[in-house]
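Notes for the one structure printed next.
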Amino acid sequence: MREKAGKAIDIHAHLGDDVVFGHSITEQSLLDGYRDTIVCGAIVQPSLPQFYEEANRGIHDRIARFARDCTEMKIWGMASIYPHFTHEAYRAEAYRCVKELGFVGMKLTPIGHACDPESEDGMFTFSVADELGVPMMVHTGSGIPFSSPMHVLKAAQRYPGLKIVLAHAGMGIMAREAVILAKLCPNIYLEPTWTGVADMRMIYEEIGPERMLFSSDHVNNVPVQLETMAAVVPARELDQVLYRTAEKLYGISLHA
Ligand SMILES: [Zn+2]
């Protein structure tokens with residue numbers, strides 16, 4: 001494990017071949033991308049695999065192997081399960097990921113999973129995350145109306161003990177809605193990848209560093225995200241945003 005001057009945890013990284021967005025990310029490309037940055041830990045979730053259970057299990061197993069075998073930095077897993085499998089299959093894979101593979105969170109991608117968070121299948125995913133006691137990350141921004149931050153209100157209110165991370169914090173065009181939702185619901189956290197400096201400032205000023213999380217979504221976005229956050233968050237609070245909020249939220253540690 002290499003020593004670095006600053007520290008950051010990337011809470012939103014992908015691995016594998018994505019059939020929805022058409023990209024492919026390998027273990028080596030992640031490690032190469034992080035090498036000259038301050039990122040020394042990452043929570044890795046699947047790129048969207050083909051929509052059958054074996055493929056979904058396969059990418060989770062690959063992430064678990066990466067987390068186990070990586071010596072260069074800390075890697076943790078996040079489960080992303082197609083929500084239109086049967087509820088039994090969905091729950092079984094979520095339990096396997098968290099209880100057996102040690103994953104620290106779950107993900108719902110309304111645009112990629114073709115799932116409105118407010119729908120029956122959408123709400124079921126939150127119920128399982130709540131049972132398991134792990135945070136649920138929800139993609140927001142591109143892919144509205146399903147990806148509107150406000151479609152998460154129902155779950156945030158039904159499961160007040162469940163921590164929900166809005167990935168991309170509304171992605172610019174819906175940043176205001178993400179902030180309004182976070183002000184309404186103390187269990188909402190914001191992960192502002194692809195957010196510009198003005199919206200980043202609004203998020204920091206209105207929500208504060210304890211519900212704000214550093215991430216990249218794509219490893220080549222790390223320098224841009226770091227610069228944008230550093231332009232907005234005062235130096236004394238930067239560590240909070242770069243890794244302390246993540247450590248507390250996901251129950252992980254860069255030092256353990
Ligand atoms: Zn993503």
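Rule-based calculations on the coordinates, nothing more; no lab input. Quantities reported herein were computed from a predicted structural model and do not represent experimental measurements. All Cβ positions, even for glycine, are placed from backbone atoms using ideal geometry, and neighbour counts span all protein chains on display.
Side notes on the structure shown:
- Distance in nm between pseudo-label sites at residue 17 and residue 124 (7 Å out along the Cβ direction from Cα): 2.8
- Most to least packed among 63-69, 107-113, 155-161 [average Cβ atoms within 10 Å]: 107-113, 63-69, 155-161
- Positive dipole terminus of the chain, leading residue within 84, 113, 195 (C-beta point charges): 195
- Rounded to the nearest 20, the size of the Cβ-charge dipole of region 60-151 about its Cα centre is 400 debye, with Lys and Arg at +1 and Asp and Glu at -1.
- Taking a straight Cα-Cα cut-off under 20 Å and skipping sequence neighbours fewer than 8 places away in the same chain, the aspartates and glutamates within cross-link reach of residue 99 are 53, 54, 61, 69, 88, 130, 131, 247.
- Debye, to nearest 20: dipole size of the chain, +1 on Lys, Arg Cβ, -1 on Asp, Glu Cβ: 560
- Highest mean packing comes first when the peptides 215-223, 144-152, 198-206 are listed by Cβ atoms within 10 Å, giving 144-152, 215-223, 198-206.
- All other residues whose Cβ lies under 12 angstrom from that of residue 246 are scored, Lys and Arg at +1 and Asp and Glu at -1, for a net of +1.
- Percent of beta bridges antiparallel (DSSP, region 8-250, rounded to nearest 5): 5
- For region 25-147, the pair-distance distribution built from all alpha carbon pairs, in bins 5 Å wide starting at 0, is 2, 11, 22, 22, 19, 13, 7, 3, 0 percent.
- Listed peptides 245-253, 21-29 appear in the order 245-253, 21-29 once ranked by packing, highest mean of other Cβ atoms within 10 Å at the front.
- Mean residue ellipticity (222 nm) of the chain, computed from DSSP H runs ≥ 4 via -39,500 (n - 2.57), nearest 500: -11000 deg cm²/dmol
- Linear extension gain, residue 61 paired with residue 158, 0.36 nm per residue minus alpha-carbon span: 31.8 nm
- Karplus-based coupling profile of region 169-176, in residue order and whole Hz: 6, x, 6, x, 5, 10, 4, 4, with θ = phi - 60° in 6.51 cos²θ - 1.76 cosθ + 1.60 and x standing for Gly or Pro.
- Part-to-part distance (alpha-carbon centres) for region 84-128 and region 1-80, which is given in Å: 19
- 5 angstrom amide H check on residue 17, placed H, neighbours 5+ away: 25
- In this structure, residue 131 and residue 230 have a Cβ-Cβ separation that, at R0 = 35 Å, corresponds to a calculated FRET efficiency of about 0.40.
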